[in-house]
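The values are calculated or read from the model by the stated rules, or taken from the named source; none is laboratory data. Because the structure is a prediction, the values reported are computed rather than measured. Here Cβ is always computed from backbone atoms with ideal geometry, including for glycine, and neighbour counts include all displayed protein chains.
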Amino acid sequence: MADEREISQRYRELQREEPPHHLDQAILAAARRAAETRPAPLVVPTGRRRWYFPLAAAAVIVLAVAVTMHVEREQPDVEMAEAPVAASPPPAPQAREEQAAASAQVPTEPAPAKPETKRKLFAPDPKPAPSQDLRAQRDAESLADLQKAQKPAAPPPQDAVSGARESARADAGAKPFSEMQQAPAPVPQAKPAAPMREEVRARASRAPDAAPAAAGALGAFAYASPEQWLQGIDDLKRQNRHDEAEKQLTEFRKQYPNYRIPEAILEKFEKR
Amino acid sequence: MEAPDEELMLAYGRGDAGAFETLYKRHRGPVYRFVLRALKNRSTAEELFQEVWIRVIEARSRYAPQARFTTWLYTIAHNLLVDHWRKKGLSLVQLDDEPTVAAPDNPARQAEARQSLARLLQALEALPAAQREAFLLHEEAGLSVAEIAAATGTNEEAAKSRLRYAMAKLKAAVDDG
């Protein structure tokens, strides 16, 4: 330990060299320069580039707000509501041919009407689409032709599709709801001597909306608007079929969640 | 009371150039002598000395006082010395185990050697690099054995052993006179 102290003392007696002055100046100048400059950003935006980021951010925000507002304002579309039915795959070509051939021949047994579902019966259809109107009009014209052609013969049986539509159109709002709901109208046996009628039927079966039309044409036309549907519910109430009326009202609210039922009608429901 | 080195370095990291100046004035002599006596070549020592401080300047923003500033500073110096020795084809083991060849005697040095201090200096130059470094860190930087071990990246036993050998050799050189 004493030896170490002696060596340390001797060492300190050695010449105390110092760094040269120019070296001090160079190092201190470098330190000052470094202290003055801040760390540079990763990307230095210059000129027009400096606006890119703010502009892009503003555009994204405006777009997001616009899309949100649009989605909020958008009402449920009629076409969208019917999409599952319309989007159902069309019959296979072979099946279609068979169907057409069967209808061209003498139909021994008409195809039974498809069982109706309430959903189809009360499909939200505040305004029938124009294409649907045209189709219905075409069917009606065909039916009129058919009726003309069959006048001498026995009273023509109504077609499963167009007949139902016609009667529904004629009775819309007039028939009591219960009658309309019990839609499975008996489809009379088709007569063989009616080529035009067969054509109409084939066309109807090929039409994309043939299934819902055949199944729930009556309801779809009878309650083409929420007001008519409410009228139907009112009819049920009037007939003391409260359970069914409640079900229909629940279904109505599901289908038209944004529809405000007039208080007068609600009061009428409650009274009954 | 003087501000601690660590605070000065942190202040410099925040842009206070005056803090660096204080720090530099405090350590410039010891660091310079440490490098000069470790290398025995003035121009190379000056280059390396400057490099040490440039490294300090560059590290200003990421400096975190995990140990004494002095230990950190001499760790930088040690690493630069090791790089220098590597470039010359020397390894740390060689520097530790094999005594370096003593500087060739010349008339002037022999004349100086007559004096005790000159003999001490000559003995210091003749020490293996690792032992000399341990001695210089102890004398110039005032580092403890543990700090020497930390600065040179070795364990305490090795640092203690190097320092003890260096002291013994220097004592022998002084006593020979």
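State whether the residues of region B:76-86 include one that is part of a helix (DSSP H, G or I), modelled with pLDDT of 90 or more and within 14 Å of chain A (Cβ to nearest Cβ). The answer is yes; a qualifying residue exists.
Evaluate the following for residue A:45: is it surrounded by 10 or more Cβ atoms within 10 Å (Cβ to Cβ), outside any helix (DSSP H, G or I), at pLDDT below 90 and touching a Phe, Trp or Tyr at 6+ places or on another chain (Cβ under 9 Å)? Yes; evaluated as a whole, the condition is true for this residue.
Restricted to region A:1-32, and to residues there that are surrounded by fewer than 14 Cβ atoms within 10 Å (Cβ to Cβ) and not in a helix (DSSP H, G or I), the residue that is modelled with the lowest pLDDT is A:1. Across region B:6-29, the qualifying residues are those that are buried (at least 20 other Cβ atoms within 10 Å of the Cβ) and of a type outside the set (Phe, Trp, Tyr), and the one among them that is farthest from residue A:35 (Cα to Cα) is B:27. Those helices (runs of 4 or more DSSP H) of region B:102-142 in which 2 or more residues are at pLDDT 85 or above and either touching a Cys at 6+ places or on another chain (Cβ under 7 Å) or within 24 Å of residue B:73 (Cβ to Cβ) (or both) occupy B:116-126, B:129-139. When each of B:51, B:47, B:58 is tested for being under 17 Å from residue A:25 (Cβ atoms), within 11 Å of another protein chain (Cβ to nearest Cβ) and without any contact (Cβ under 8 Å) to a residue 12 or more places away in the chain, the lone residue that passes is B:47. Listed by first and then second residue, the pairs with beta-carbon distance under 7 Å, at least 6 apart or on different chains, first residue in region B:22-34 and within 7 Å of chain A (Cβ to nearest Cβ), second of a type in the set (Asp, Glu) and not in a helix (DSSP H, G or I), are B:29/A:18; B:32/A:17; B:32/A:18; B:33/A:17; B:33/B:140.
When the residues of region B:61-75 are filtered to those that are modelled with pLDDT under 90 and in contact with a Phe, Trp or Tyr (Cβ under 9 Å, 6 or more places away or on another chain), the one that is nearest to the other protein chains (Cβ to nearest Cβ) is B:63. The residue that is surrounded by the fewest Cβ atoms within 10 Å (Cβ to Cβ), among those in region B:41-67 that are acidic (Asp, Glu) and more than 13 Å from residue B:28 (Cα to Cα), is B:58.
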